[in-house]
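A quick write-up on the structure given underneath.
The values are calculated or read from the model by the stated rules, or taken from the named source; none is laboratory data. This structure is a prediction, so every number in the text was calculated from the model and none was measured. Methodologically, a virtual Cβ is constructed for each residue, glycine included, from the backbone with ideal geometry; neighbour enumeration extends over all protein chains shown. For the accessible areas, the whole protein counts, side chains as well, though only heavy atoms, and no ligand, DNA or RNA atoms are used. Shrake-Rupley method; radii C 1.70, N 1.55, O 1.52, S 1.80 Å.
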Amino acid sequence: MNYLYNFPFIVVAILIAMGFYAMMFKRNLIKIVIGLNIVESAVNLFLIALGYRKGAVAPIYTNAPVAKGAPAHSMVLPTPQALTLTAIVIGVATTAMILSFVVQIGKHYGTIDAKKARRLKG
Amino acid sequence: MMAMSKIVRTVSNLLYFFILIFGFYIVMHGHLTPGGGFQGGAVLASAIALIIVAHGIEKAKKFYSEFSLTSCESLGLVLFISLAFLGIFMTFFYNFLSPGAQPAIPIFSTEPPLGPNLGNLNTGGVIPLMNIAVGIEVIGGLGAIVYVMFRGGKK
Amino acid sequence: MRNAVAGVALLVMAAFLFYAAVEMHSFGSPAYSDMDDYFIENAQKETGANNVVTSIVFDYRGFDTLGEATVLFTAVAGTTAVFKKRREKK
């Protein structure tokens, strides 16, 4: 029955495997970047799922639907959410960087196929 | 790149101000509601991206330049680091405006009621100021990425 | 041949990932949460902000955010340098 309880973690494993498949077997550079982004999304999902508590609310006290002196167990863990926030912004920045390199490779070699671009010399 | 059709341009002109107001709301209420500098900055940068995509790069050059966007980014980073350095008399990143800090400065330093409350904008110490600084940085950074990549596509 | 070796490596990695996901603590009850409980109980008192996540990002883990801002700055600088307009040589 543990398979059902750990369903988000299994989804994370499947997503990471799919992303690595795209990065290892695809030859189009854009598809490799898409694989990298899938792995990144899987890691974000893993961090968020790691900090979840059953029946808890978001860790924000503005109009929070908890009682006044409620214990800390009534809110989900805030640290993984902060780390995910960091990871999302860094992911956007690095994706822009990688895509700009892909654009330059496409302009320079005339192809974005990884194996063809490696054989051609500038 | 050519501009898009008249319908898209009109709707983007209308939506631009609403997106800006929503982004500023998210940045300013970062210490009370879900959101903060990064998310609000991303919303504001999406307004810039909407104008660039709808009107084409030639028209957008009149409103934004690469220099203004990158200097926005540098200004945000410098503001963030200086806010961190202002607490150097205790430690780096000391929250020198928080309710318990010793030289009491009455800016953003009201003590909120503990537990769930309605939210008071005048709380949070140095956190709202850092939210604004990071918002300036993110709007400059993501806007510069969109601007430069859109311009780089044309010969 | 190369593709076969890569496929076997991918399958082994996927199997380990799946095993780790099944053997993880069950979803909804994290194993250790002392630090997060401290943040939830004391963040409002110490920083004055209602949003615990924001007070972690900008106060408790400020160095993390500083590094993140630096990474964003560096990535934007790299992107603008790659797409810089070159002057044509005459």
Rounded to whole Hz, the Karplus (6.51, -1.76, 1.60) HN-Hα couplings of the range B:116-127, x for glycine and proline: x, 9, 7, x, 10, 5, 8, 10, x, x, 8, 5
Assigned charges on the beta-carbon of Lys, Arg, Asp, Glu; chain B dipole about Cα centre (debye): 840 debye
Area accessible to solvent at C:Leu10, 1.4 Å probe radius, in Å²: 20 Å²
Dipole magnitude of chain A about its Cα centre (Cβ charges: Lys, Arg +1; Asp, Glu -1), debye to nearest 20: 580 debye
Highest-MSF residue in chain C out of C:Val57, C:Val71, C:Val12 [GNM, Cα springs under 10 Å]: C:Val12
J(HN,Hα) series, the range C:60-73, from Karplus relation 6.51 cos²θ - 1.76 cosθ + 1.60, nearest Hz, glycine and proline x: 6, 10, x, 5, 4, 5, 4, x, 5, 5, 5, 5, 4, 4
Cut-off under 5 Å, modelled amide H: who pairs with B:Leu97 long-range: B:Val126
Carbon and sulfur %, accessible surface of chain A computed with the full protein complex present, 1.4 Å: 69 percent
Amide H partners (placed H, <5 Å) of A:Met75, local residues excluded: A:Val57
14 Å beta-carbon shell around C:Ala43, net charge (K/R +1, D/E -1): -4
Options B:Leu121, B:Ala42, B:Pro103, ranked by Cα towards positive dipole end of the range B:6-152, top entry (Cβ charges): B:Ala42
C:Ser33 long-range amide H proximity, modeled H, under 5 Å: none
Ranking by accessible area, most exposed first, for B:Arg9, A:Arg119, B:Arg151 with a 1.4 Å probe: A:Arg119, B:Arg9, B:Arg151
Total accessible area lost when A and B pair, probe 1.4 Å, Å² to nearest 100: 1200 Å²
Point-charge dipole on Cβ atoms (K/R +1, D/E -1) for the protein assembly as shown, about Cα centre, debye to 20: 2760 debye
Solvent-free Debye scattering, log10 I(q)/I(0), computed from the Cα coordinates of chain B at q = 0.15, 0.17 Å⁻¹: -0.83, -0.96
Volume in Å³ per residue [convex hull over Cα atoms, computed for the range C:2-82]: 165 Å³
Eligible aspartates and glutamates near A:Lys31 by straight Cα distance, threshold 20 Å, same-chain separation 8 or greater: A:Glu40, A:Asp113
Rounded, prolate or oblate (a/c below 1.5 giving rounded, otherwise prolate when a/b exceeds b/c) for the protein assembly as shown by Cα gyration tensor: oblate
Shape call, chain A: gyration tensor on alpha carbons, a/c limit 1.5: oblate
Backbone N within the range C:41-55 under 19 Å of label point (7 Å from A:Asn63 Cα along the Cβ vector): C:49-54
Highest-fluctuation residue, C:Met35, C:Met13, C:Met24 considered, GNM on chain C with Cα pairs under 10 Å: C:Met13
Pairwise centroid distance, computed over Cα atoms, of the range B:38-96 with the range B:1-23, Å: 21 Å
Environment charge of C:Thr70, counting only residues whose C-beta is closer than 15 Å and scoring Lys/Arg +1, Asp/Glu -1: -3
Accessible area that becomes buried as C packs against B, both chains, 1.4 Å probe, Å², nearest 100: 2900 Å²
Relative contact order for the range A:1-67, counting Cα pairs under 8 Å that sit 6 or more residues apart, in percent: 29 percent
Chain A: calculated mean residue ellipticity at 222 nm from DSSP helix runs of at least 4, using -39500 (n - 2.57): -22500 deg cm²/dmol
Accessible surface of chain C, 1.4 Å probe, proportion on carbon and sulfur as whole %: 63 percent
